[in-house]
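Engineer: If you scroll down you'll find the structure; I have some questions about it.
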Amino acid sequence: MAHITAGITSSHVPAIGAAVDLGNTGEDYWKPAFAGFDWTKEWIMKPENKPDVVILVYNDHASAFDMNLIPTFAIGCADEFQPADEGWGPRPVPVVKNHADLAWHIAQSCILDEFDMTIINKMDVDHGLTVPLSLMFGQPEDWPCKVVPLAVNVVTYPPPSGNRCYNLGKAIRDAVDSFPEDLKVQVWGTGGMSHQLQGTRAGLINAEWDKKFLDDLTADPERLRKMPHIEYLREAGSEGIELVMWLIMRGALGDKVKELHRHYHVAASNTALGHIVLEPAE
Amino acid sequence: MKQNIHEYLAEFDDIPGTRVYTTARARKGYWVNQFAMSLMKDENRKRWLADEKAYLDEWPKITQEQKDALLARDYDKLLDLGGNIYFLAKVFSTDGKSYLQAVSTMTGMSVDDYRNMMLSGGRSPEGLRSKKKGY
């Protein structure tokens with residue numbers, strides 16, 4: 001049977017993608033940002049850890065979804081997805097290959113479990129999805145695993161509550177556990193941490209709040225589930241709301257988790273870069 | 001856990017220097033944002049850069065005020081008029097500008113000063129969480 005082996009979170013700042021694509025990761029500005037991923041890059045390619053499939057939770061940044069269509073939770077079910085042209089040409093990264101059987105299975109299971117998923121086939125994937133892949137896998141010829149894209153609306157208000165995200169994670173875990181193929185599946189939650197991309201408050205970073213958020217993924221996920229949107233906005237900036245997506249990852253791992261690795265760096269462009277690796281503890 | 005939608009929305013106005021992208025803003029900026037999406041195609045970027053005013057004339061539902069703000073790359077104003085940063089990213093990306101460069105223009109700081117602020121830990125949330133409570 002398929003099972004969830006680990007959860008990873010990471011910010012998905014577009015400038016990180018540009019640094020990788022332009023070969024600038026060794027520059028003084030970027031070195032400390034990328035150094036915190038060295039541990040994960042080595043860990044994730046060990047045979048016992050390497051995922052067959054990653055369920056990659058991210059938000060589309062007005063690439064596949066414009067104002068015409070705003071799905072709260074959309075699961076990509078096609079066989080593959082091309083990198084999006086976000087205004088400067090598509091990123092030179094591999095095509096994202098899906099495990100479509102698993103994706104459709106998750107879609108069906110979650111809908112029966114009362115999560116009204118939007119199913120999408122034709123979709124280009126933007127930096128929200130491809131930057132975490134670059135951070136974890138570098139620049140391979142092909143991505144080393146299949147990827148199920150799960151896009152969450154965190155742009156037009158209201159986004160889903162943290163609790164809703166957490167519960168969706170639990171439903172995804174049940175779906176994965178009932179898939180007959182023997183697969184190692186990771187769930188990644190992306191975006192965050194504190195950042196604000198607008199107005200006179202732009203550039204807001206709240207390291208203390210971010211670190212407590214990282215701590216409580218292990219220590220007190222119940223607090224995070226109950227956190228209202230206004231707290232994210234006040235404390236972590238208007239784009240800090242992306243962190244609700246991390247709770248889908250957290251919900252998918254079960255009640256208890258063990259922290260294997262973390263990295264926190266200010267700043268990557270406008271953003272506090274946060275990264276954590278968790279595994280189920282029971 | 002059920003929240004009252006009016007109270008939920010009203011709280012957003014209490015955050016200094018922030019325009020949360022509510023449905024009211026989304027409706028106001030619908031055509032600005034859809035115009036921005038058109039710049040995801042290279043042939044449209046070329047036509048836009050060749051004659052911005054002519055390109056905007058193809059979008060009759062964008063108001064003159066919105067058009068002026070687009071031509072001036074006044075991102076702060078565009079947020080007031082219903083623009084959203086992820087949509088407007090297509091405009092500044094077409095100009096070859098990064099998020100950091102575009103975002104810094106809304107802060108009254110130079111790009112270098114803004115970049116240095118980010119490198120030294122970013123902007124503190126102290127005093128910027130709530131207008132009413134001032135914390």
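Engineer: Considering the stretch B:33-59 alone, what residues qualify as being more than 15 Å from B:Phe87 (Cβ to Cβ) and open to solvent by 30 Å² or more (accessible area, probe 1.4 Å)?
Structural biologist: B:Asp42, B:Glu43, B:Lys46, B:Arg47, B:Leu49, B:Ala50, B:Asp51, B:Glu52, B:Lys53, B:Ala54, B:Asp57, B:Glu58
Engineer: How many residues, within the stretch B:51-65, are of a type in the set (A, V, I, L, M), outside any loop (DSSP other than H, G, I, E, B) and within 16 Å of B:Tyr30 (Cα to Cα)?
Structural biologist: 1
Engineer: Looking at (1) more than 7 Å from chain A (Cβ to nearest Cβ); (2) open to solvent by 60 Å² or more (accessible area, probe 1.4 Å), which one does B:Leu119 not meet, given that it meets all the others?
Structural biologist: (1)
Engineer: Further question: Do we find that A:Ala78 is open to solvent by less than 50 Å² (accessible area, probe 1.4 Å) and touching a residue at least 24 places away in the same chain (Cβ under 8 Å) in this structure?
Structural biologist: Criteria met by A:Ala78.
Engineer: As an exercise: evaluate B:Arg25 against (1) closer than 20 Å to B:Ile85 by Cβ; (2) surrounded by fewer than 17 Cβ atoms within 10 Å (Cβ to Cβ); (3) among the basic types (Lys, Arg) and give the number of the one condition it does not meet.
Structural biologist: For B:Arg25, the exception is condition (2).
Engineer: Which count do you get for residues in the stretch B:67-78 that are of a type outside the set (Lys, Arg) and open to solvent by 10 Å² or more (accessible area, probe 1.4 Å)?
Structural biologist: Summing the residues that are of a type outside the set (Lys, Arg) and open to solvent by 10 Å² or more (accessible area, probe 1.4 Å) in the stretch B:67-78 gives 6.
Engineer: Just to verify a result, which residue in the stretch A:149-170, among those that are buried (at least 22 other Cβ atoms within 10 Å of the Cβ) and small (Gly, Ala, Ser), is nearest to B:Arg19 (Cα to Cα)?
Structural biologist: That would be A:Gly162.
Engineer: Given the residues B:Arg73, B:Arg47, which is the only one that is more than 10 Å from chain A (Cβ to nearest Cβ), touching a residue at least 24 places away in the same chain (Cβ under 8 Å) and either touching a strand residue (DSSP E or B) at 6+ places or on another chain (Cβ under 7 Å) or not small (Gly, Ala, Ser) (or both)?
Structural biologist: Sole residue among the options that is more than 10 Å from chain A (Cβ to nearest Cβ), touching a residue at least 24 places away in the same chain (Cβ under 8 Å) and either touching a strand residue (DSSP E or B) at 6+ places or on another chain (Cβ under 7 Å) or not small (Gly, Ala, Ser) (or both): B:Arg73.
Engineer: When you check A:Phe65 against the structure, is it in a loop (DSSP other than H, G, I, E, B), open to solvent by less than 30 Å² (accessible area, probe 1.4 Å) and more than 14 Å from chain B (Cβ to nearest Cβ), yes or no?
Structural biologist: Judged against the criteria, A:Phe65 is not a match.
Engineer: Give the residue, chosen from A:Ile111, A:Ile75, A:Ile119, that is in a helix (DSSP H, G or I) and not polar (S, T, N, Q).
Structural biologist: From the options A:Ile111, A:Ile75, A:Ile119, the qualifying one is A:Ile111.
Engineer: Shifting gears a bit: Sort out which residues of the stretch A:1-31 are open to solvent by 60 Å² or more (accessible area, probe 1.4 Å), within 14 Å of chain B (Cβ to nearest Cβ) and either in contact with a helix residue (DSSP H, G or I) (Cβ under 9 Å, 6 or more places away or on another chain) or of a type outside the set (D, E, K, R) (or both), and write them in order of number.
Structural biologist: Listed by number, the residues that qualify are A:Leu22, A:Glu27.
Engineer: Of the conditions (1) in contact with a Leu (Cβ under 9 Å, 6 or more places away or on another chain); (2) more than 8 Å from every other protein chain (Cβ to nearest Cβ); (3) over 19 Å from A:His61 (Cα atoms); (4) in contact (Cβ under 8 Å) with a residue 12 or more places away in the chain, A:Tyr232 fails just one. Which one is it?
Structural biologist: (3)
Engineer: If I ask for residues that are in a helix (DSSP H, G or I), touching a residue at least 24 places away in the same chain (Cβ under 8 Å) and more than 7 Å from every other protein chain (Cβ to nearest Cβ), which ones from the stretch B:80-109 would you list?
Structural biologist: B:Asp80, B:Leu88, B:Val91, B:Ala102, listed by residue number.
Engineer: Additional query: Inside the stretch B:26-37, can you point out the residues that are part of a helix (DSSP H, G or I) and either under 19 Å from B:Asp74 (Cα atoms) or in contact with a Leu (Cβ under 9 Å, 6 or more places away or on another chain) (or both)?
Structural biologist: Listed by number, the residues that qualify are B:Ala26, B:Lys28, B:Tyr30, B:Trp31, B:Val32, B:Asn33, B:Gln34, B:Phe35, B:Ala36, B:Met37.
Engineer: From the residues in the stretch B:1-22 that are open to solvent by less than 100 Å² (accessible area, probe 1.4 Å) and farther than 27 Å from A:Gly203 by Cβ, which one is farthest from the other protein chains (Cβ to nearest Cβ)?
Structural biologist: Here the residue is B:Asn4.
Engineer: Let me ask something else about it. Suppose we filter B:Gly121, B:Gly134 for residues that are among the small types (Gly, Ala, Ser), at pLDDT below 95 and within 30 Å of A:Glu231 (Cβ to Cβ); which single one remains?
Structural biologist: Selected residue: B:Gly134, the only one of B:Gly121, B:Gly134 that is among the small types (Gly, Ala, Ser), at pLDDT below 95 and within 30 Å of A:Glu231 (Cβ to Cβ).
Engineer: Turning to a different aspect of this structure: From (1) more than 7 Å from every other protein chain (Cβ to nearest Cβ); (2) in a helix (DSSP H, G or I), pick out the condition that doesn't hold for B:Tyr114.
Structural biologist: Answer for B:Tyr114: the failing condition is (1).
Engineer: Now for a different question. Could you list all residues from the stretch A:78-92 that are within 7 Å of chain B (Cβ to nearest Cβ) and either assigned to a loop (DSSP other than H, G, I, E, B) or β-branched (Val, Ile, Thr) (or both)?
Structural biologist: A:Glu86, A:Gly87, A:Trp88
The values are calculated or read from the model by the stated rules, or taken from the named source; none is laboratory data. Since this is a predicted model, take the numbers as computed values, not measurements. Virtual Cβ from ideal backbone geometry, glycine too; neighbours counted across all protein chains shown. Surface areas here come from the heavy atoms of the whole protein model, side chains and all, with no ligands, DNA or RNA. Shrake-Rupley method; radii C 1.70, N 1.55, O 1.52, S 1.80 Å.
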